[in-house]
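Notes to accompany the following structure.
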Amino acid sequence: MAVKQGDRFVIRFHSPVETIGGGTVLDPRPLRHKRHDLAVLDSLILREQGSGSQRLLQAAEEFGVSLPDSSQLAERSGLDTGTAVSLLADLLNQGKLAEPLPDRYAAASALDTLWDRCRELLSAYHQKHPLHAGMPAAELRQKLFRQITPAEGDALLEVFRAEGRMKRAENRWALAEFSIRLTKRQTALWDALLERFLRGGPEPDTIEAVLDSIPPERREEARQVLESLLTGGELVRLSPELCWHREVFQKGLDILRTLCADHGAVTLAEVRDAFDTTRKYALLFLEACDRRQITVREGDCRRLKLKFHD
C-alpha cells in the first residue's frame, strides 16, 4: 500500500469486521529501530507537531551528506514543493542548511560531522607526509564518501574551503593552517632542484638522473623534497620519469593557446616546431594536457577545452 506522511489509516480485523485502532502516518519510510527508542519517539513527535522548517531540517539531517534536492526534502517532510522551497531559503539564511550545488542541500549538523572526519584524515596525512602539499583529492573523497559522485564530494569539500577551513593546491586538499616547513638543508635542495629543472627547459634530465647527481647521503632527502615540489605544483609531472618546471609548463600552455587561437586545433608536429623540441617532449606535454583536461584529442589534432581559452 502506498502512503505518504499525513495520511490517515484505520486498522480492522477482516473477520469478524472489528475496528481495533487508527492514526496518522508520520513516517512512510521508517528505518528499523529498537522499540521504545527515545530518539525515535522524539523524531516522531517532531514529525507530528513540528513546524514546516523543523520538519525540513529534520529531513535534511536524515539524508546526511547525500545532497537531496528540494523535491526529495518536501516529500520526506510532508510539504508541498513550493512551501518547501520558501522554507529552505529561510534555513539557508539562518545557516542551518548549506547548498553545495544548485538545489542540493546538506544540514549544518551533517557538515559538522563530515568536517570532524575530514580534519582527522588531513591531520593524520600532514603528520605522515609533512613535505606534501596535501592529500590527493581522489584519496580524500574515497575515504570520506561512499555513495556520491566525485563532483558531489568536491562540492561538499568546497563548502569547507569557502569557510576558510581548508585549502586546495594542484588537486590536493590541506588544512588551512598547514604549511610545508623545510630545514635549511632541505631549502637548499629545494632551490637546487628547481634551478636544475628550470635550466633544463622543455628537455630536462630524467628525475632519476637528477637524483643520481646528488651525493648518496642526501639522495633520499632530495627525493622527498622533489616529491614535495611535485605535490605543490612547482614541478609538473609529464610521465613517471620526467617533469617540467612550472614556468616551462606555463610557457608551453601560452604557446598552445596562441596556436589554438590561430588555427582552432593543433597537431603534434605544430607543437613540436613551436616548442623547438623533439617529438618525444611535445607528445609528453600534450598527453599531460589531456590528463589535466586542458585539451581534448580529436583524431590527430587537439583542441583547448572551453574554460582554457581565456
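Coordinate-derived values only; no laboratory data. None of the values given here were measured: they were computed from a predicted structure. In this analysis, Cβ positions are derived from the backbone assuming ideal geometry, glycine residues included, and neighbour counts consider all displayed protein chains.
About its Cα centre, how strong a charge dipole does the chain have in debye, to the nearest 20, once Lys and Arg get +1 and Asp and Glu get -1 at the Cβ? Before the final figure, lay out each step's value.
Numbers: 45 positive and 47 negative charges, 104 e Å.
That gives a dipole near 500 debye.
Is the chain best put as rounded, prolate or oblate by its Cα gyration tensor, with a ≥ b ≥ c the root eigenvalues, rounded for a/c under 1.5, and otherwise prolate when a/b is larger than b/c, oblate when not?
Numbers: a/c = 3.53, a/b = 2.26, b/c = 1.56.
Prolate, since a/c reaches 1.5 and a/b exceeds b/c.
If each residue's Cβ is checked for other Cβ atoms within 10 Å, how do E158, E217 rank with the fewest at the top? Don't skip to the answer; put the middle values down first.
Numbers: E158 14, E217 7.
With the fewest neighbours first, E158, E217 line up as E217, E158.
Summing -39500 (n - 2.57) over the DSSP H runs of n ≥ 4 in the chain and dividing by its residue number, what mean residue ellipticity at 222 nm do you reach, to the nearest 500 deg cm²/dmol?
Working: 13 runs with 166 residues, N = 310.
Helices in the chain give a 222 nm mean residue ellipticity of -17000 deg cm²/dmol.
Count the lysine pairs in the chain that are 8 or more places apart or on different chains: how many have C-alpha atoms under 30 angstrom apart?
20
Below 8 Å, C-alpha to C-alpha, sequence gap of six or more: please give me the relative contact order for the chain in percent.
10 percent
How would you classify segment 183-265 from its alpha-carbon gyration tensor, with a ≥ b ≥ c the square roots of the eigenvalues: rounded for a/c under 1.5, else prolate if a/b is greater than b/c, otherwise oblate?
Working: a/c = 2.96, a/b = 2.44, b/c = 1.21.
Prolate, since a/c reaches 1.5 and a/b exceeds b/c.
Scanning the chain for trypsin sites (Lys or Arg not before Pro) in DSSP loops with at most 11 other Cβ atoms within 10 Å, what's the longest stretch left with none?
Numbers: sites that count: K4, R32, K34, R35, R146, R181.
Longest stretch, sites excluded: 182-310.
Relative to the Cα centre, what is the charge dipole magnitude of segment 217-310, using +1 at the beta carbon of each Lys and Arg, -1 at the beta carbon of each Asp and Glu, and rounding to the nearest 20 debye?
220 debye
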